[in-house]
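Q: The structure is given below, and queries will be raised subsequently.
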Amino acid sequence: MKLKFKEPAPIVDELNPLESMMERFNEAAQILGLDESTYNALKSPEKAVIVNLPVTMDDGSIKVFEGYRVIHSSKLGPSKGGIRYSMGVNLDEVKALAAWMTWKSAVVGIPYGGAKGGITCNPREMSAGELERLTRAFTVAMRDVIGPEIDIPAPDMGTNPQIMAWIMDEYSKLAGQVSHAVVTGKPLVLGGSLGRVEATGRGVMVSARSAMAKLKMNPSNSTCAVQGFGNVGSISAQLLSLQGVKIVAISDISGAYYNKEGIDIKKASKYAEKKGSLEGYKDATLITNEELLELDVDILVPAALEDQITVENAPRIKAKLIVEGANGPTASNADRILEDNGITVVPDILANAGGVTISYYEWVQNNTGQYWGFVHVAKLMEEHLVTGFKDAYELSKKKNIDMRRACMAIAVKRVVEAFELRGIWP
Ligand code: NAD
C-alpha cells in the first residue's frame, strides 16, 4: 500500500535558505543593536543531530537514510518544528528552517522555541511499510532529542498525520506511557486538534484582513492571485473569497489558471481533490506560475515554494499587498525592491504562523486532557495573529521599516529577553 500525498514533494533548490535567514537575522540584530556575544549565542543552533537509519526495504534489501533534527533555540520554551521527508533535505536547509520556527513562534507570542527535522528520502517512492519502518527508526534514534517537554515535531513537506501517529506510538512505547504531546498534527482520534488542517490558510486570511484594513483596501473591491493550491493555498483562497475578495488566479505544479471574472474556489477545490491537481481546469485560461506572480492584482499570496519572488521578477510585481503563505517565498535580496515599490509584505513568519499556533493549542489540549471545539481554537489562533500583526505594524511605522524587519526585530528581541533573563551558567 502507498500512502497518499497531494502532490510530488517539491525538491528544494533555493538560492541558500541559511544565507537568507542570516541576512534577515543580521538586519534585526542591527535594528536592536545586539552586542556581539548575544548575537553569537543566537545565530547558531543549540543542537544539531545527524542520524544514520538502516531500513529494511520491501524487497529485503537494506537502505541507509540520513536524518536530521536541529534545535535552534529553546530559550522561550520547548522547541517546535516539522519533519520534512524530501530528497532536498540537507543540514543547511534544516538549520535555516529551525531558526525560522524560533522567530515564528516568538512573533506571535507562543512559548515555544524553534526546531526542524528531516530525512533525505523520496516518500513517494516508498511503500507505507517502508515509511513506517523509517519513521520508527528515526524516532528511536531521536528518542533523547524529542519529547513532550523538550522538542515537539509536526508534519511538514512529505510527512502527514499518519507519520505523526507512528512517531507518537514509537515514542510512547519507549517512554512506557501514552505520550500524545510528543508530536502535533496528529489524527483527531489520537489527540489532534480541530482546526489544525485549515490553520495555516486561516492565518493567511487573518493576516491579509489585518493588512487590508491598514491599507484601506475594501475586500469586496480587491482581487487576488494565489500561487499553490495545496493545504495552505486552497484554504487561503477559500477563506479570502468568503471575505469578499475576488480570486482571479490559482495555481499548482500543473500551471496557473486565470479568470478575470473570478474563480469559483469551491468548484476548483472539488476539481483538484477529484483529479489530484488543477490540470485541465476549464473555467480559466492556462498561464504560467511566473505569469501569475506578475498579474495586475491587489493581493498576491505565494503559497507553494521558496524563492518565487526574486531580484529578477520583483520589479514586475504589481500587487499592493503580498501575504506569504509559503515559507521563504521571497528571496532576501528582493526585499528592498518590493519595499521601494511601495508593496506591503506580510512576511511568512507572521502570515503562516496559524499552523504552529494551533499546534501549540493541540499540545496544550494533550497536556491538560481537555479538548475544545473548532470555534474556540480558531478564535485563540486569530488573537495571536491579530496581535502579532498589530505589534509589527506599529513598530514598522515607528522605525520606518518594512513589516518583515519589524516582525524579525520583535521576534529576536523576545528571544534575547528570555536569554538574558535565564542567564548563562556558571
Ligand atoms: P502542499 O503540498 O499541500 O501544497 C503545495 C502546493 O504547491 C501544491 O498545490 C503544489 O502543486 C504546488 N506546487 C508545487 N510545486 C510548484 C511549482 N513549482 N509551482 C507552483 N506550484 C507548485 O503544501 P502546503 O502544506 O500547502 O505548503 C505550502 C507552503 O506553505 C510550503 O512552503 C510550506 O512550507 C508552507 N507552510 C505550510 C504550513 C502548513 O500548515 N501546511 C505551515 C506553514 C508553512
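Q: Being free of Cβ contacts under 8 Å to residues at least 60 places away in the same chain, closer than 20 Å to K43 by Cβ and not charged (D, E, K, R) narrows it down to one residue among L97, L76, L91; which is it?
A: Just a single option satisfies the conditions, and that option is L91.
Q: For E306, all conditions in the list (1) within 21 Å of P219 (Cβ to Cβ); (2) buried (at least 19 other Cβ atoms within 10 Å of the Cβ) hold save one; what is the number of the exception?
A: With (1) within 21 Å of P219 (Cβ to Cβ); (2) buried (at least 19 other Cβ atoms within 10 Å of the Cβ) applied to E306, the lone miss is (1).
Q: Which residue pairs have Cβ atoms under 7 Å apart, sit 6 or more places apart or on different chains, and have a first residue in segment 29-40 that is surrounded by 11 or more Cβ atoms within 10 Å (Cβ to Cβ) and a second that is not in a helix (DSSP H, G or I)?
A: Sorted first by the residue in segment 29-40, then by its partner, the pairs are I31/I401.
Q: Further question: In contact with a Cys (Cβ under 9 Å, 6 or more places away or on another chain), within 30 Å of Y371 (Cβ to Cβ), at pLDDT 95 or above and small (G, A, S), is that true of A237?
A: Yes.
Q: Moving to a separate point now. Would you check which residues across segment 139-149 are surrounded by 17 or more Cβ atoms within 10 Å (Cβ to Cβ) and in contact with an Asp or Glu (Cβ under 9 Å, 6 or more places away or on another chain) and list them?
A: Across segment 139-149, the qualifying residues are T139, M142, V145.
Q: Looking only at residues that are hydroxyl-bearing (S, T, Y) and either within 16 Å of the ligand (Cβ to nearest atom) or within 30 Å of N367 (Cβ to Cβ) (or both) in segment 205-221, which one is nearest to the chain's Cα centre (by Cα)?
A: Filtering segment 205-221 for residues that are hydroxyl-bearing (S, T, Y) and either within 16 Å of the ligand (Cβ to nearest atom) or within 30 Å of N367 (Cβ to Cβ) (or both), the one nearest to the chain's Cα centre (by Cα) comes out as S207.
Q: Which of the residues belonging to segment 106-149 are out of contact with any strand residue (DSSP E or B) (no Cβ under 6 Å at 6 or more places or on another chain) and either among the hydroxyl-bearing types (S, T, Y) or within 20 Å of E324 (Cα to Cα) (or both)?
A: Passing the criteria: A106, V107, V108, G109, I110, S127, T135, T139.
Q: Looking only at helices (runs of 4 or more DSSP H) that lie completely in segment 241-348, which have at least 2 residues being within 13 Å of the ligand (Cβ to nearest atom) and more than 23 Å from the chain's Cα centre (by Cα)?
A: 265-275
Q: Restricting to segment 45-93, what's the tally of residues that are assigned to a loop (DSSP other than H, G, I, E, B) and either at pLDDT below 95 or out of contact with any Asp or Glu (no Cβ under 7 Å at 6 or more places or on another chain) (or both)?
A: Adding up the residues that qualify gives 12.
Q: Still on this structure, please answer the following. Can you say whether L3 is away from the ligand (no atom under 14 Å from the Cβ), in a loop (DSSP other than H, G, I, E, B), surrounded by fewer than 19 Cβ atoms within 10 Å (Cβ to Cβ) and at pLDDT below 95, as far as the supplied structure shows?
A: When the stated conditions are applied, L3 does not pass them.
Q: In segment 374-426, what residues are assigned to a helix (DSSP H, G or I), among the acidic types (D, E) and within 21 Å of the chain's Cα centre (by Cα)?
A: E382, E383, D391
Q: Going by the conditions given, is G191 on the phi > 0 side of the Ramachandran plot and at pLDDT 95 or above?
A: Yes.
Q: Out of all the residues in segment 222-236, which are within 11 Å of the ligand (Cβ to nearest atom) and either of a type outside the set (V, I, T) or in a helix (DSSP H, G or I) (or both)?
A: Q227, G228, F229, G230, N231, V232, G233, S234, I235, S236
Q: Name the residue that is surrounded by the fewest Cβ atoms within 10 Å (Cβ to Cβ), counting only residues in segment 84-122 that are among the aromatic types (F, W, Y) and under 14 Å from the mean Cα position of the chain (by Cα).
A: The selected residue is W100.
Q: Return the residues of segment 161-204 that are in a loop (DSSP other than H, G, I, E, B), touching a residue at least 24 places away in the same chain (Cβ under 8 Å) and more than 10 Å from the ligand (Cβ to nearest atom); say none if nothing qualifies.
A: S179, V183, T184, K186, P187, G191, G192, S193, L194, G195
The values are calculated or read from the model by the stated rules, or taken from the named source; none is laboratory data. Remember, predicted model here, so these are calculated numbers, not experimental data. A quick note on method: Cβ atoms are made from the backbone with ideal geometry, for glycine too, and the neighbour counts reach across all protein chains shown.
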